[in-house]
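First up is the structure itself, then whatever we jot down about it.
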Amino acid sequence: MRMRLNAFLARAGVTSRRGADEMIKAGRVTVNDRLGHLNDQVSENDVVKLNNKQIRLRKSRNILLYKPTGYVTTLKDPQQRRKVIDLLDISERVVPVGRLDYDTTGALLLTNDGELANKLMHPRFKVDKVYEAVVKGIITKEVINKLNTGIELEDGRTAPAKAKMIAENKIELIIHEGRKHQVKRMLSAVGMKVIALHRSKYAGLDLSGLKPGQWRDLTEDEVIRLKRYTSK
Ligand code: URA
C-alpha cells in the first residue's frame with residue numbers, strides 16, 4: 001500500500017503526521033538513501049530512515065472478539081477481574097475500541113491502530129452499534145417512541161436511537177454514541193430494567209462464525225471498509 005511519507009512515519013509509531021513533516025523538512029528522513037520530501041509516496045518495500053536508522057511499519061492487527069460475560073474491557077482492573085485481552089494469544093499490543101460492561105456480551109473490536117480506534121470512537125463518524133437487550137417490564141409502543149426520539153440522561157440528551165421490539169421482552173437498539181452504561185441508562189429512563197445485554201453488531205461487523213470467547217482477525221476488505229467509514 002502506497003502512502004505519503006509522513007503517514008508512513010506516523011504508522012510506524014515514530015511521531016504524528018505533523019511531527020513527521022517537521023522531521024522531513026529538517027532533512028532527517030531518507031527514502032532509499034535519498035533525501036525525503038513532503039510529497040514522497042512510499043510503500044513498505046521502500047527503505048525509510050530517520051536519522052540514518054531504518055523505520056519499519058508496525059503490522060496492523062485488527063480483531064473482532066465475541067466478548068463473553070464476566071470480562072472487563074479495561075486493560076487494568078483494580079478488582080483483578082478477568083480481562084478481554086487475556087482471551088487473545090497474540091504478541092501485538094491491541095486495545096479495545098470503546099467499552100462493554102463486565103456483564104455485556106457481543107462484538108468488540110480490538111486494534112493496535114490508534115488512529116483507527118480514535119476515529120471509530122469519535123461521535124462525528126456515527127458508527128452504528130446494534131444492541132439486543134432482554135428487559136424486565138412491559139415494552140410498549142410508547143417506550144419505543146421515546147427511545148426513538150432521544151432520552152434525557154443526567155449527562156445530556158441522547159441522540160435518537162433506532163429501537164424496535166424483537167420479542168416480548170427483548171428490544172433491539174441501534175445507537176452511535178458510546179457513553180458509559182448508555183443502553184442500560186436509556187432503558188432505565190423509560191422504566192425498563194436490563195436483564196441481559198448483547199451487542200450483535202459493531203460498525204457493520206457481526207459475530208457470525210464466532211462463539212463467546214472466540215475471535216478472528218478482520219479481513220483486509222473489512223479494514224478498508226472501516227477506514228472508509230471514518231474518512232468522510
Ligand atoms: N450500554 C451499556 O449500558 N452497557 C454496555 O456494555 C454497552 C452499552
Filtering the range 207-232 for residues that are at pLDDT 95 or above and closer than 24 Å to residue 158 by Cα leaves a count of 0
Do you know which residues across the range 101-126 are touching a helix residue (DSSP H, G or I) at 6+ places or on another chain (Cβ under 9 Å), within 13 Å of the ligand (Cβ to nearest atom) and closer than 22 Å to residue 60 by Cβ?
-> 108
Give the number of residues within the range 183-224 that are among the hydrophobic types (A, V, I, L, M, F, W, C) and part of a loop (DSSP other than H, G, I, E, B).
-> 6
Please identify the pairs in which a residue from the range 206-232 that is over 17 Å from residue 117 (Cβ atoms) has its Cβ atom under 8 Å from the Cβ atom of a residue that is in a loop (DSSP other than H, G, I, E, B) and open to solvent by 70 Å² or more (accessible area, probe 1.4 Å), counting only partners at least 6 apart or on another chain.
-> 212/69; 216/209
Going through the range 76-92 in order, the residues found to be surrounded by 13 or more Cβ atoms within 10 Å (Cβ to Cβ) and not in a loop (DSSP other than H, G, I, E, B) are 83, 84, 85, 87
Go through the residues of the range 43-50 one by one and say whether even a single one is open to solvent by less than 40 Å² (accessible area, probe 1.4 Å), among the charged types (D, E, K, R) and assigned to a helix (DSSP H, G or I).
-> no
Selection over the range 19-42 where residues are in contact (Cβ under 8 Å) with a residue 12 or more places away in the chain, assigned to a helix (DSSP H, G or I) and open to solvent by 90 Å² or more (accessible area, probe 1.4 Å) yields a count of 1
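The values are calculated or read from the model by the stated rules, or taken from the named source; none is laboratory data. What you see is a predicted model; the values in this text were computed from it and never measured. Here Cβ is always computed from backbone atoms with ideal geometry, including for glycine, and neighbour counts include all displayed protein chains. The area values use the complete protein model at the heavy-atom level, side chains included, leaving out ligands, DNA and RNA. Shrake-Rupley method; radii C 1.70, N 1.55, O 1.52, S 1.80 Å.
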